[in-house]
Amino acid sequence: MTEPGESRPATRRTFGPVVLLGVGSAALAAWAASKPWVSGTGADSSAEASVSVATTAAGEIASSPLGTALAFVVLACWGVLLVTRGRFRRAIAALSVLAALGYAATVAWAPFSLPDHLVEQVRRRTGMTLDDTSLTGWYWLACVAALLVLASTVLALRLVRTWPEMGTRYDAPTGGRAAGDADAAQAPSDRPTDNIDIWKALDDGRDPTA
């Protein structure tokens, strides 16, 4: 039967890998969300011009600012997790899960909202009509990042109680320790200090330096 003390070191070893996975996946999610997720082509005679306008003028429109913001929230949560402890640390872990769920929902909803949004914005800006839209590789990268972000934050919420806590060395000393040091400083010394006391100690056969 496994003792509780034996399982704790194993869970503490997950701290580094999970944090690295969380920070890396959140950075990847923010990067992917800042790129265009949808591209489109038109049926004009100048096909090359249509493709160019759809991918450059509307590239930022087809990205996901909300996804970028949520990914940065997850990154911020990982930073806070590294320097806090206790209930506040667990609350931050729960917040990171909520932000990860929001990012995953944004990625899942993008195919249903961004293509129509892209068509409308291209029509307003350039007067062109996009006949076809498609998801880019950046979108599929965001899907992978969403899964990794969600997995790492869920692991953090589950394991955060067993992870090492930072910041205790910077706490103020406890009252008991300070009082003990003060008592030690104020305790009278038994060593003789005056010359007459030293001679008396020698007469009594005692070592005055002890």
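The values are calculated or read from the model by the stated rules, or taken from the named source; none is laboratory data. Bear in mind the structure is a predicted one, so any value in this text is a computation, not a measurement. A quick note on method: Cβ atoms are made from the backbone with ideal geometry, for glycine too, and the neighbour counts reach across all protein chains shown.
Does at least one position in the stretch 99-107 carry a residue that is touching a Ser or Thr at 6+ places or on another chain (Cβ under 6 Å), closer than 18 Å to Thr14 by Cα and assigned to a helix (DSSP H, G or I)?
Looking through the stretch 99-107, none of the residues is touching a Ser or Thr at 6+ places or on another chain (Cβ under 6 Å), closer than 18 Å to Thr14 by Cα and assigned to a helix (DSSP H, G or I).
From the set of residues in the stretch 63-91 that are among the polar types (S, T, N, Q) and assigned to a loop (DSSP other than H, G, I, E, B), which is nearest to Thr153 (Cα to Cα)?
Thr84
Given Ser7, Ser50, which one is at pLDDT below 90, under 26 Å from the mean Cα position of the chain (by Cα) and either part of a helix (DSSP H, G or I) or not small (Gly, Ala, Ser) (or both)?
The unique qualifying residue is Ser7.
I need every pair where a residue in the stretch 91-115 that is assigned by TED's automatic domain parsing to the domain that holds Leu159 has its Cβ under 7 Å from the Cβ of a residue that is among the hydroxyl-bearing types (Ser, Thr, Tyr), sequence separation at least 6 or different chains.
Ile92/Thr84; Ser96/Thr153; Val97/Thr153; Ala100/Thr153; Thr106/Ser64; Ala110/Ser64; Ala110/Tyr139; Pro115/Thr133
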